[in-house]
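Structure first, commentary second.
The values are calculated or read from the model by the stated rules, or taken from the named source; none is laboratory data. Not measured: the values here are computed from a predicted model. Every residue, glycine among them, receives a Cβ derived from its backbone with ideal geometry; neighbour counts consider all protein chains shown.
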2 protein chains.
Amino acid sequence: MNRQQLFEQIIKKNSFLCVGLDTDINKIPEFLRNEEDPIFEFNKRIIDATAEYTIAYKPNLAFYEAVGVKGWTALAKSVEYIRSNYSDIFIIADAKRGDIGNTSKMYAKAFFEEMDFDAITVAPYMGEDSVTPFLGYKDKWVILLGLTSNKGADDFQFLGNPPLYKQVIKKAQYWASENELMFVAGATRATMLKEIRSLAPDNFLLVPGVGAQGGSLAEVAKNGMNATCGLLVNSSRAIIYADSTEKFADIAKEKAEETQQEMAQLLKDYLPKI
Amino acid sequence: MNRQQLFEQIIKKNSFLCVGLDTDINKIPEFLRNEEDPIFEFNKRIIDATAEYTIAYKPNLAFYEAVGVKGWTALAKSVEYIRSNYSDIFIIADAKRGDIGNTSKMYAKAFFEEMDFDAITVAPYMGEDSVTPFLGYKDKWVILLGLTSNKGADDFQFLGNPPLYKQVIKKAQYWASENELMFVAGATRATMLKEIRSLAPDNFLLVPGVGAQGGSLAEVAKNGMNATCGLLVNSSRAIIYADSTEKFADIAKEKAEETQQEMAQLLKDYLPKI
């Protein structure tokens, strides 16, 4: 999916919601655990319930790897399910990969060829040749870690002058255009989004940390929105684990709709009129 | 495996060789490709051929993920095979993971519980709470990226004063002792190993970049060895792809033995006498 198509979906659905599929076998409702593939069954129901409010899904790879081959199978089936049934939805592999060139190339193959993800999150520590192997796939994206939403972001991301995260955001724009490069920018630091937006005016930002991690959606929109919205705001636990009974999918749908409604208002308030 | 046991293996085998299992389905010998699980068959033969010269194996996760569920299955079988047949060998998941706390916890589960790795490589960008979930498993290890062996290391690892990679190596030692923390220190910058060794006198260093990437083993030993050797030097392509005929395992064995012989001499020259 290219940048224009992504923006069209945002306008069509009046939403910039990304639902994080952090599917933990120990947190899914009891009654699903007897299914042959409980992780996939959970995802399928969450997807069917929330797709109309959602621009992107973001499976978090750790949760699938934690259960080994079963998890990897459930992940592949989930991606395939979204592709077949909701072809206009953007799919992000939240994998935070990044390694020497020949290795990153294999990861790119894993996520863009073996599975049909639209985007992968990448860690910048190893620099240019760890990132560029993910580029050059038509309509596929790298989402590079800029400023993350966790406490540990303070350990290294602010070192140097200008701070490391700003240097990452500046330098990476020499490697790729806004048509294949997004940045992760944590919502727990919404005021810093303003600075990130000024450093990367045209790039989409993937914003985690709204919901369970405590970030404010209104602050994110106010500080981060650009002329093509430029935001994908992720919510995982606050939607997918809002309820743990047989009604979990209905409640997830309500939560996704609530978030979408809030986003519709924010798009009205902050999307520049052209 | 704890630090003392690792050192004992090094003394016993007169080696500090780590063989990287970067097993690429397109590079393994023709005649193995008709096997039911060619990746595992390749690994099995490489392991059987090289185990007597080898302290550690390091499967590179990207190569397994690139072929999806089949790859993940082959990986699990390879780890299991090493555990069952060569219980004294250290197994490293070269995964370069690292994410917010609850996610890193799932990765730890994947590599230390679901599979029985001894260690996992971790990227430091997201800081303390992305690293600590991997700690506290008895006799399991975090191998944190310090200075990597690729060209892109220059993009961010030298930013700041002292440079980022030194700050990573200093700070991480507040999070974990030398009994569960190693660092990646690329061999393509062997002279810098001296500085890294002075910053982390007691930690094991995992040194990639010898062999195909061009680093010198003698330089690594001279600059990096400590009283318990403190080095695991990785070689992947130069051993496992030294030959692509039916004799590939024999040739891999020769290459591993050559490296081990060189290491035996270096241990003699540089291991401090007690």
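Based on this model, can you work out whether A:Glu30 counts as more than 18 Å from the chain's Cα centre (by Cα) and away from chain B (no Cβ under 14 Å)? Steps first, please.
Numbers: more than 18 Å from the chain's Cα centre (by Cα): yes; away from chain B (no Cβ under 14 Å): yes.
In short, yes.
Mind checking which residues of the range A:95-122 are in contact (Cβ under 8 Å) with a residue 24 or more places away in the chain, small (Gly, Ala, Ser) and within 13 Å of B:Val67 (Cα to Cα)?
Of everything in the range A:95-122, just one residue is in contact (Cβ under 8 Å) with a residue 24 or more places away in the chain, small (Gly, Ala, Ser) and within 13 Å of B:Val67 (Cα to Cα), namely A:Ala108.
Suppose the filter is more than 9 Å from chain B (Cβ to nearest Cβ), under 20 Å from the mean Cα position of the chain (by Cα) and within 22 Å of B:Ala62 (Cα to Cα); does A:Tyr137 pass it?
Details: more than 9 Å from chain B (Cβ to nearest Cβ): yes; under 20 Å from the mean Cα position of the chain (by Cα): yes; within 22 Å of B:Ala62 (Cα to Cα): yes.
So A:Tyr137 passes the test.
Do we find that B:Met126 is within 11 Å of chain A (Cβ to nearest Cβ), crowded, with 23+ Cβ neighbours inside 10 Å, over 20 Å from the mean Cα position of the chain (by Cα) and part of a helix (DSSP H, G or I) in this structure?
So B:Met126 does not fit the description; no.
Which pairs do you get when a residue that is modelled with pLDDT of 90 or more, found in the range B:206-227, comes within reach of a residue that is in a loop (DSSP other than H, G, I, E, B) and among the basic types (Lys, Arg), reach meaning Cβ atoms under 9 angstrom, with the pair 6+ apart or on two chains?
Listed by first residue and then by second, the contacts come to nothing, as the list is empty.
Tell me which of these B:Phe42 doesn't satisfy, since it passes every other one: (1) more than 23 Å from B:Met263 (Cα to Cα); (2) surrounded by 23 or more Cβ atoms within 10 Å (Cβ to Cβ); (3) within 14 Å of chain A (Cβ to nearest Cβ).
(3)
With respect to A:Ile120, determine if the residue is over 14 Å from the mean Cα position of the chain (by Cα), over 24 Å from B:Lys77 (Cα atoms) and among the aliphatic types (A, V, I, L, M). Before the answer, list the steps.
Values: over 14 Å from the mean Cα position of the chain (by Cα): no; over 24 Å from B:Lys77 (Cα atoms): yes; among the aliphatic types (A, V, I, L, M): yes.
For A:Ile120, the condition - over 14 Å from the mean Cα position of the chain (by Cα), over 24 Å from B:Lys77 (Cα atoms) and among the aliphatic types (A, V, I, L, M) - is not met.
For the range A:113-121, check the following and say yes or no: at least one residue is at pLDDT below 95 and buried (at least 22 other Cβ atoms within 10 Å of the Cβ).
no
Name the residues in the range B:13-27 that are among the β-branched types (Val, Ile, Thr), within 14 Å of chain A (Cβ to nearest Cβ) and either within 21 Å of B:Thr259 (Cβ to Cβ) or in contact with a strand residue (DSSP E or B) (Cβ under 7 Å, 6 or more places away or on another chain) (or both), would you? If you could, list the steps in order and put the result at the bottom.
Going through the range B:13-27, the residues among the β-branched types (Val, Ile, Thr) turn out to be B:19, B:23, B:25.
Among the residues that remain, those that are also within 14 Å of chain A (Cβ to nearest Cβ) are: B:23, B:25.
Within the range B:13-27, B:Thr23 is the sole residue that qualifies.
Among (1) facing chain B (nearest Cβ under 8 Å); (2) surrounded by fewer than 24 Cβ atoms within 10 Å (Cβ to Cβ), which single condition is A:Thr132 missing?
All conditions are met except number (1).
Does the range A:167-205 hold any residues that are touching a residue at least 12 places away in the same chain (Cβ under 8 Å), surrounded by fewer than 19 Cβ atoms within 10 Å (Cβ to Cβ) and of a type in the set (S, T, N, Q), and which are they?
A:Gln173, A:Asn179, A:Thr191
Identify the single condition in (1) closer than 29 Å to B:Lys105 by Cβ; (2) part of a loop (DSSP other than H, G, I, E, B); (3) of a type in the set (Asp, Glu) that A:Glu41 does not satisfy, given that it satisfies every other one.
(2)
Kindly provide the set of residues from the range B:229-257 that are without any contact (Cβ under 8 Å) to a residue 40 or more places away in the chain and closer than 30 Å to B:Glu178 by Cβ, ordered by number.
Within the range B:229-257, B:Gly230, B:Ala238 meet the criteria.
In this structure, is B:Thr50 assigned to a helix (DSSP H, G or I) and away from chain A (no Cβ under 14 Å)?
Numbers: assigned to a helix (DSSP H, G or I): yes; away from chain A (no Cβ under 14 Å): yes.
Answer is yes for this residue.
Within the range B:56-75, can you find the residues that are more than 8 Å from chain A (Cβ to nearest Cβ), free of Cβ contacts under 8 Å to residues at least 40 places away in the same chain and not in a helix (DSSP H, G or I)?
B:Tyr57, B:Pro59
Would it be correct to say that A:Ser78 is crowded, with 24+ Cβ neighbours inside 10 Å and in a helix (DSSP H, G or I)? Explain how you work it out, then say what you get.
Details: crowded, with 24+ Cβ neighbours inside 10 Å: yes; in a helix (DSSP H, G or I): yes.
Yes, satisfied.
Go through the range A:81-90 residue by residue and tally those that are part of a strand (DSSP E or B) and hydroxyl-bearing (Ser, Thr, Tyr). Spell out how you get there, then give the answer.
Applying the first criterion (part of a strand (DSSP E or B)) to the range A:81-90 yields A:90.
With the extra rule that they be hydroxyl-bearing (Ser, Thr, Tyr), the set shrinks to none.
Counting residues in the range A:81-90 that are part of a strand (DSSP E or B) and hydroxyl-bearing (Ser, Thr, Tyr) gives 0.
Please specify each residue of the range B:150-190 satisfying the condition of being away from every other protein chain (no Cβ under 11 Å) and of a type in the set (Gly, Ala, Ser).
B:Ala176, B:Ser177, B:Ala185, B:Ala187, B:Ala190
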